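Please read the structure below before turning to the comments.
The values are calculated or read from the model by the stated rules, or taken from the named source; none is laboratory data. These numbers come from a predicted model, not from an experiment. All Cβ positions, even for glycine, are placed from backbone atoms using ideal geometry, and neighbour counts span all protein chains on display.
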Amino acid sequence: MSCQLDGPQGLLTSLQDRLKRRGHAVIVVAEGAGQSLLAESPKSTNASGNAKLGDIGLFLKYRINFHFASQCVELNLKYIDPSYLIRSVPANPFDSVYSLRLTHNAVHAAMCGRTEMVVGRWHGRFVHVPIPLAIRERNQVDPSGDLWMSVLESTGQPPSFVEVSRQSSWFFWSRSAPTTQSEQWATDNACAPRPKTTAAVSSVGSVTQPR
């Protein structure tokens, strides 16, 4: 599902409208999301040769700060990168038992010579799933389905942040200081006092804005 930052239907305009109405907003974004927005950022690979995904969290922080500075709107933005923090909580009894049973079945599979498979649970029974079958297709959320409609109803966000014409292709993101005249103007020039607003960006999950 595409996301566009600029334009009347873009994320930045929707965020600004939200802050005018409520005075606060939270954006949650998944690791690896919005790579099309980072298409012009430098590419690199890890030790295994796999492409490293661009950091969408820092990119959004930069763009949001720049957008509100250019609009002369004071913004208090907090960027939170939880990394693996949300996965490091102690396991509850159900998780412990489930993990133990997965381990038992994995060991049994290895002892009987099974390879290239993973252990899963199907209709209450533990089964051996071939890896090619497990990775054959990705789980996807239907943007017209009940699940996504429930997300929209609970967050109050627009159905999409996409327009027919893309207006953000000119932007090249860099962590260095502003280089264009418009960026320098937004950074250096003092703005008239405006109501202070607050936004938070967290780099996990999906892009949402709560009511």
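Some points to look at:
- Every residue from segment 27-44 that is in contact with a helix residue (DSSP H, G or I) (Cβ under 9 Å, 6 or more places away or on another chain) and outside any loop (DSSP other than H, G, I, E, B): 27, 35, 37, 38
- Qualifying positions in segment 32-75 - of a type in the set (S, T, N, Q) and surrounded by 11 or more Cβ atoms within 10 Å (Cβ to Cβ): 35, 36, 41, 65, 70, 71
- Options 73, 119: the member that is on the phi < 0 side of the Ramachandran plot and free of Cβ contacts under 8 Å to residues at least 24 places away in the same chain: 119
- Any hit, segment 114-121, residues being among the β-branched types (Val, Ile, Thr), over 30 Å from residue 4 (Cβ atoms), part of a loop (DSSP other than H, G, I, E, B) and within 27 Å of the chain's Cα centre (by Cα): no
- Any chance residue 86 is modelled with pLDDT under 90 and closer than 29 Å to residue 32 by Cβ: yes
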